[in-house]
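Structure record follows, encoded as structure tokens.
The values are calculated or read from the model by the stated rules, or taken from the named source; none is laboratory data. Given the structure is predicted, the values throughout are model-derived calculations rather than measurements. Note that we place each Cβ from the backbone using ideal geometry, even for glycine, and neighbour counts take in every protein chain shown.
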Amino acid sequence: MESAELEYAVIADAYEKIEATTKRLEMTDLLVDLLKKTPKNVIAKVVYLTQGKLYPDFVGVEIGVAEKLAIKALARASGIRQNVIEEDLQKTGDIGETAQKLLAKKKQTTFFQKTLTVQHVYATLDKMAKTTGSGAVDSKMALLAGLLSDASPREAKYIMRTVTSKLRLGIADMTVLDALAIAYGGGKENRELIERAYNISSDLGRVANVVAEKGLEGIKKFQVMVFEPIRPMLAERLSSPEEILDKLSGKCVAEYKYDGERVQAHKKGNDIELYSRRMERISDQYPDAVELVRNNVNAEEAILEAECVAVDVETGELLPFQELMHRRRKYGVNEAMQQYPVSLFMFDALYVDGKDLTLDAYPSRRNLLQKTVKENDRVKAAKQIKTGNVKELEEFFEEAIEAGCEGLICKSVGADSVYQAGARGWMWIKYKRDYKSEMKDTVDLVVVGAFHGRGKRAGTYGALLLAAYNHEADTFETVTKLGTGFTDEDLKRLSEVLRNHIVPRKPSRVQSTLAADVWFEPKVVLEVLGAEITLSPIHVCALDSIRKGSGLAIRFPRFTGKYRTDKTAEDATTSTEVVEMYRNQLKQIGAA
């Protein structure tokens with residue numbers, strides 16, 4: 001009978017091997033080995049820990065140990081003075097490496113009190129995460145010091161990285177799904193079934209638990225559940241109504257694309273939760289939106305999608321996204337709510353009173369949405385028309401822009417127009433402002449590297465290396481270097497934000513011919529406006545798609561001032577979208 005315990009050394013050993021490779025297939029194989037060694041009752045914990053967390057993001061539990069506290073705990077556990085630890089940390093830049101090095105060098109060898117198990121490490125970290133109130137800092141330090149006292153140097157390395165949210169193994173969710181399919185799902189060819197379970201639950205640990213315990217049969221019975229957010233469906237982008245209608249078989253529903261924050265509202269009786277597109281619980285930031293859902297959704301249980309938009313209460317006008325960002329705060333919520341009230345524009349129904357709607361065609365989902373939502377001044381179904389007429393689509397687009405929207409989302413009305421959770425596809429197409437010979441539309445790009453500043457910018461970053469997301473390869477491809485549009489405050493803020501994402505070498509998911517001075521894990525998304533898109537011998541975005549040996553680059557990019565904190569790196573502008581923008585730009589130039 002398989003043991004219910006798993007030594008923490010087993011996962012520390014796996015992490016060390018994973019960290020030593022940049023090859024995705026090798027990472028997957030190492031992960032498969034780890035999952036096969038893991039007792040089934042521990043598999044969810046191992047998956048969460050490998051993601052550098054204790055729970056899925058929507059639970060909102062973070063370990064949250066500051067580096068200073070970690071240093072104090074290491075000093076207490078090792079008997080090494082704090083200033084010695086701090087000096088070494090300045091050299092390594094990695095609290096895990098410092099812990100490993102100093103514990104290995106420690107003259108006074110101690111017999112470990114007990115062998116660390118994954119269960120014990122997880123339970124201790126969980127206790128630390130949930131410790132609040134007076135004395136919380138001391139309690140956390142005592143718990144961490146206790147773990148480090150029992151840890152080997154290598155175990156200490158990964159415990160320290162985990163508690164300070166700097167595990168950074170470079171393992172994407174999709175790699176974990178591949179590994180689960182190979183280890184427990186009969187092979188990589190069954191990944192799709194397991195991925196669907198993840199897409200409708202956003203809980204990789206629960207998925208791992210079900211596939212390990214019950215195999216594919218268990219996965220096939222996986223259900224949508226209220227308070228487990230469904231990963232959002234994403235849209236492709238085209239820039240002319242002709243192309244859009246052609247792609248959508250001549251007819252579509254065109255809907256306003258509101259300039260707000262996408263939220264997924266979950267309702268069960270009087271209990272309401274709101275989740276961001278990144279699957280984070282944001283109910284506390286929008287208590288007024290919670291009330292709007294409670295009072296205007298005619299269902300006992302529901303999962304609905306909406307755009308949350310700031311409104312001018314006196315004029316009813318929609319305000320831009322930047323105004324809404326004043327609402328993303330922990331403190332002063334009531335004042336912000338008075339100053340920047342919101343409206344909800346509902347645009348999809350994913351679950352209503354026991355029925356999973358994600359596999360239903362879009363027209364029936366919309367029909368049920370309208371029956372479920374009680375409309376008033378502040379809650380409405382998103383404005384839309386059904387059309388197959390180019391002129392009508394263009395006029396509706398202009399109307400949307402006039403109303404303060406970004407453009408339109410054009411949606412398939414075919415029998416196959418299911419809700420593609422977690423996927424980007426041609427069922428939904430963004431139609432934003434026309435692109436002339438220059439870029440009129442912004443792009444959302446991922447910071448993957450930086451170059452040191454000179455002159456006035458000495459001591460900060462002179463330029464950032466930005467990438468688009470290749471959703472087929474699950475990689476980030478460089479598309480431009482960004483050095484303009486930053487205020488002094490931006491430069492300071494970016495240094496602070498990016499500091500937490502520095503990695504010692506180019507991440508395995510980043511494709512670049514340029515050697516940055518500093519590399520980052522792909523996390524931070526910025527909105528950028530460029531002059532035009534050109535062929536590039538240097539950047540690798542959409543390499544070989546237009547001309548062999550050339551990628552695409554954005555010339556003269558400028559930061560708009562918009563930090564896309566509502567987007568994950570995987571939600572950024574894709575390489576495919578950049579290709580479409582480039583091709584359309586050529587058409588516009590040709591027509592001029």
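Give me the residue from the range 28-83 that is in a loop (DSSP other than H, G, I, E, B) and among the hydroxyl-bearing types (Ser, Thr, Tyr) and, out of that set, surrounded by the most Cβ atoms within 10 Å (Cβ to Cβ).
That would be THR38.
Specify the residue that is modelled with the highest pLDDT; the eligible residues are those in the range 313-368 that are among the β-branched types (Val, Ile, Thr) and in contact with a Pro (Cβ under 7 Å, 6 or more places away or on another chain). Show your work before the answer.
Residues of the range 313-368 among the β-branched types (Val, Ile, Thr): 313, 315, 333, 342, 352, 358.
Next, only the ones that are in contact with a Pro (Cβ under 7 Å, 6 or more places away or on another chain) stay: 313, 333.
Values: VAL313: 65, VAL333: 82.
Only one residue fits best here, namely VAL333.
Tell me whether the range 303-311 contains one or more residues that are surrounded by fewer than 21 Cβ atoms within 10 Å (Cβ to Cβ) and not small (Gly, Ala, Ser).
Checking the range 303-311: at least one residue is surrounded by fewer than 21 Cβ atoms within 10 Å (Cβ to Cβ) and not small (Gly, Ala, Ser).
Residue by residue through the range 137-179, note down the ones that are over 28 Å from the mean Cα position of the chain (by Cα) and among the β-branched types (Val, Ile, Thr).
Listed by number, the list holds a single entry, VAL137.
Report, by residue number, each residue of the range 185-204 that is surrounded by fewer than 19 Cβ atoms within 10 Å (Cβ to Cβ) and part of a loop (DSSP other than H, G, I, E, B).
Listed by number, the residues that qualify are GLY186, GLY187.
What residue, of ALA450, ALA421, ALA467, ALA473, is outside the structural domain of ALA361 (by TED's automatic domain parsing), within 18 Å of the chain's Cα centre (by Cα) and either of a type in the set (S, T, N, Q) or surrounded by 15 or more Cβ atoms within 10 Å (Cβ to Cβ) (or both)?
Result: ALA467 is the single residue among ALA450, ALA421, ALA467, ALA473 that is outside the structural domain of ALA361 (by TED's automatic domain parsing), within 18 Å of the chain's Cα centre (by Cα) and either of a type in the set (S, T, N, Q) or surrounded by 15 or more Cβ atoms within 10 Å (Cβ to Cβ) (or both).
Out of the range 18-51, which residues are of a type in the set (A, V, I, L, M, F, W, C) and under 27 Å from GLU62 (Cβ atoms)?
ILE18, MET27, LEU30, LEU31, LEU34, LEU35, VAL42, ILE43, ALA44, VAL46, VAL47, LEU49
Looking at (1) touching a strand residue (DSSP E or B) at 6+ places or on another chain (Cβ under 8 Å); (2) within 30 Å of ILE282 (Cα to Cα), which is the only condition LEU6 fails?
Single failed check for LEU6: (2).
Go over the candidates VAL479, VAL518 one by one and state the one that is modelled with pLDDT of 95 or more and over 18 Å from ASP444 (Cβ atoms).
When all the criteria are applied, what remains is VAL518.
With in contact with a helix residue (DSSP H, G or I) (Cβ under 6 Å, 6 or more places away or on another chain), buried (at least 19 other Cβ atoms within 10 Å of the Cβ) and of a type outside the set (Phe, Trp, Tyr) as the only criterion, which of VAL253, VAL207 stands out?
VAL207
List the helices (runs of 4 or more DSSP H) inside the range 115-164, counting only whole elements, that have at least 2 residues being over 21 Å from ILE43 (Cβ atoms) and aliphatic (A, V, I, L, M).
Hits in the range 115-164: 136-150, 153-163.
If you scan the range 239-275, which residues turn out to be assigned to a strand (DSSP E or B) and of a type in the set (Val, Ile, Thr)?
So in the range 239-275, the residues assigned to a strand (DSSP E or B) come out as 252-257, 261-268, 271-275.
Within the range 239-275, VAL253, VAL263, ILE272 meet the criteria.
Only one of these conditions is not met by ALA4: (1) of a type outside the set (Lys, Arg); (2) assigned to a helix (DSSP H, G or I); (3) closer than 20 Å to LEU116 by Cα. Which number is it?
Among (1) of a type outside the set (Lys, Arg); (2) assigned to a helix (DSSP H, G or I); (3) closer than 20 Å to LEU116 by Cα, ALA4 violates only (2).
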